[in-house]
Structure formats: structure tokens, C-alpha cells
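A short worksheet on the structure shown next.
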Amino acid sequence: MENKGRQATIMLVVCNAFLFAIKITAGIMSNSLAVISDAFNSLTDILSSVIIFFAVKASSKQADEGHPFGHHRAEPIAGLLVAIFAGILGFEILHTSLFKLTETHAHTIGVPAIIVLLISIVMKLIMSSYFKKVSRKINSPALLASSIDSRNDVYISSTALVGIGCGFFGYAQIDSIAATLISFWIIYSGYKIGVQNIDYLMGRQPEDSIMKEIKTKATAVSGIRGIHDVRAHYVGNYIHVEIHISLDQTLTLTQAHDIGKNVQRAVESLESIHKAFVHIDPV
């Protein structure tokens with residue numbers, strides 16, 4: 001799993017670096033603010049992907065004396081940094097594009113920019129699908145953020161494509177309007193990624209479907225008379241669970257302990273659960 005995450009993040013860095021290089025070249029050649037804005041979005045993606053690379057590496061470290069529950073919070077922290085970068089870039093592009101709306105600027109070359117944006121759209125569609133698949137396999141919120149960001153980049157490049165296309169046919173102001181729309185896409189995607197990763201860091205309760213799975217696994221263990229006070233929260237991208245089980249008070253201490261351990265193992269067998277704490281109540 002660790003290798004999958006590392007390979008994915010290396011691919012993320014390489015692809016974003018390639019896209020930035022071709023976009024900034026095409027943007028300067030065509031004098032298109034929309035394409036240049038898209039290029040700087042790719043530059044932000046490079047910085048984000050480097051952060052994600054080190055976050056995935058850090059989160060895979062085993063628990064130690066200073067971090068007894070592991071280093072899983074590294075990935076949500078990386079996701080939050082990605083969101084901050086996106087917000088800063090989005091507002092900067094918004095400021096520039098609104099200022100450019102009052103100016104007249106001519107496009108010199110349109111075809112190279114159109115080809116570059118089409119390449120970007122295809123690559124980002126593939127990247128979004130790939131990172132989503134890997135993020136699910138290794139339970140990585142940082143790679144999931146990259147998948148969402150890549151999907152949003154498809155919309156951004158498509159908007160830039162409309163802007164450069166209109167500019168190529170003489171409607172230069174559409175290019176600045178496209179850049180303005182791109183800035184809103186970037187700000188919104190940063191907001192969504194930020195909220196999701198803040199939830200991870202703040203210990204949000206998992207989704208109802210996961211809570212239901214936890215209860216189903218616990219109640220299926222032999223010897224259980226009932227369960228109550230089931231609580232769970234995220235620790236980074238993994239979940240810690242506290243669950244109270246009711247057992248027959250005539251059981252020996254050893255028997256009660258064994259049932260409690262069986263409940264712990266059953267709950268921890270769920271892929272997203274990192275640790276389960278079981279409290280035994282006699283009835």
C-alpha cells in the first residue's frame with residue numbers, strides 16, 4: 001500500500017510539472033490570461049503534489065514513543081495546505097482577471113494553446129480517475145484531494161479553452177471572463193478540500209454507513225447481550241472507536257476478556273478502523 005501511494009505521488013509531481021511547462025509556454029505565446037492562469041494553477045499543483053508526497057511518506061511511518069497512534073494526521077495537514085495554496089492562487093487570479101477586463105489585449109497565436117489545453121484535459125481526466133482509485137485502496141485523503149483537484153482542473157482547462165477559442169476569433173474580453181471563472185473554480189475547490197481535511201483534523205464522526213458497520217460487526221460476536229455508547233472519530237485519515245458491550249455478569253473474568261478481544265478484532269477488521277477500545281459492562 002505504501003508503494004502504491006509513493007508511486008502515485010511521484011506521478012502527480014511529474015505530470016503537473018509537464019503540464020505547467022507546456023501551459024506557461026502556450027500562454028505566453030498566445031498572450032492568453034486564461035491559459036496563463038491555468039498554468040499557474042498547475043504550478044500550485046506542483047507545490048501541492050510535493051507536499052502530498054512527503055505527507056504520504058510521513059503517514060506510513062509506524063507508531064513510535066512520541067506518536068503512539070501513528071502519523072496519520074500528516075495527510076489531512078497536507079490536504080489543508082493544498083486548500084490554502086488554492087485559495088491564495090484563486091484570489092490572485094481573480095484580482096488580475098478583473099483588472100484585465102478593463103484593458104484591451106490581443107492574442108497572437110491560438111492553435112498551440114488550444115492543443116495544450118486539450119492535452120491537459122485528457123491527462124487530468126486520467127489522473128483524476130487514477131488517484132481516486134489509489135486513494136480508496138490506501139485510504140488516503142491527500143490523494144483523494146488530488147483526485148478532486150484533477151477533476152476540477154478539467155473544468156478549469158475547459159473554461160480556458162473557451163476563452164482562448166473566443167480570443168482567437170476576435171473576442172478578446174471573453175479570455176478575461178474565462179480567467180475570472182477559473183479563479184472561482186480554484187477558490188471553490190480549495191474551500192471544499194479545506195473543509196474535508198479540517199473535519200479529519202477535528203475528529204469528525206464517520207459517516208452513518210461506517211457507524212452501522214461498526215455496530216453490525218460488534219453485535220455479531222458470540223456472547224454479546226447488547227452494545228451502547230458507540231463513539232468514533234477520525235484520527236487523521238483513520239478511525240478510532242470506543243464501544244461499550246453488555247455481558248452476562250456470571251461470566252468469569254477470562255471469558256469476559258476473551259469476548260471483549262473478539263469484539264475488538266471484529267471492529268478492527270474493517271478497513272477504515274485503526275483502533276477499537278472496548279469497555280465491558282456486566283448485566
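The values are calculated or read from the model by the stated rules, or taken from the named source; none is laboratory data. No experiment lies behind these values; they were computed from the predicted model shown. FYI the Cβ positions are ideal-geometry reconstructions off the backbone, even for glycines, and counts take in every protein chain you see. Please note that ligands, DNA and RNA were not included when accessible areas were found on the heavy atoms of the full protein model with its side chains. Shrake-Rupley method; radii C 1.70, N 1.55, O 1.52, S 1.80 Å.
For the chain, the dipole from Cβ point charges (+1 on Lys and Arg, -1 on Asp and Glu) about the Cα centre works out to 480 debye, to the nearest 20.
Note that the stretch 6-16 has calculated 3J(HN,Hα) couplings of 5, 4, 5, 6, 5, 4, 4, 5, 5, 5, 5 Hz, one per residue in order, obtained from phi through the Karplus relation 6.51 cos²θ - 1.76 cosθ + 1.60 (θ = phi - 60°); glycine and proline are x. Given a 1.4 Å probe and the protein chains as shown, residue 235 ends up with an accessible area of around 10 Å².
Each residue of the stretch 267-283 is assigned a 3J(HN,Hα), and the resulting list reads 5, 6, 6, 5, 4, 8, 8, 8, 8, 10, 10, 10, 10, 9, 10, x, 9 Hz, derived from the Karplus form 6.51 cos²θ - 1.76 cosθ + 1.60 (θ = phi - 60°), x at Gly and Pro.
3J(HN,Hα) couplings calculated from phi for the stretch 216-228 with the Karplus curve 6.51 cos²θ - 1.76 cosθ + 1.60 (θ = phi - 60°) are, in sequence order, 5, 4, 5, 6, 6, 6, 5, x, 6, 9, x, 10, 7 Hz; Gly and Pro show x. Summary of packing: across the peptides 138-146, 197-205, the per-residue average of other C-beta atoms within 10 Å ranks them, highest first, as 138-146, 197-205.
Across every direction, the projection of the convex hull enclosing the Cα atoms of the chain has a mean area of 16.2 nm². Per residue, the chain exposes an accessible area of 50 Å² to a 1.4 Å probe, with every protein chain left in place. Most tightly packed first, judged by the mean number of other beta-carbon atoms within 10 Å of their residues, the peptides 151-160, 270-279, 218-227, 186-195 read 151-160, 186-195, 270-279, 218-227.
With contacts taken as Cα pairs under 8 Å at a separation of at least 6 residues, the chain carries a relative contact order of 19 percent.
In this structure the amide hydrogen of residue 242, modeled in the peptide plane, comes within under 5 Å of the amide hydrogens of 231, 232, 277, none closer than 5 places in sequence on its chain. Relative to one another, the C-alpha centroids of the stretch 189-205 and the stretch 113-154 are positioned 19 Å apart.
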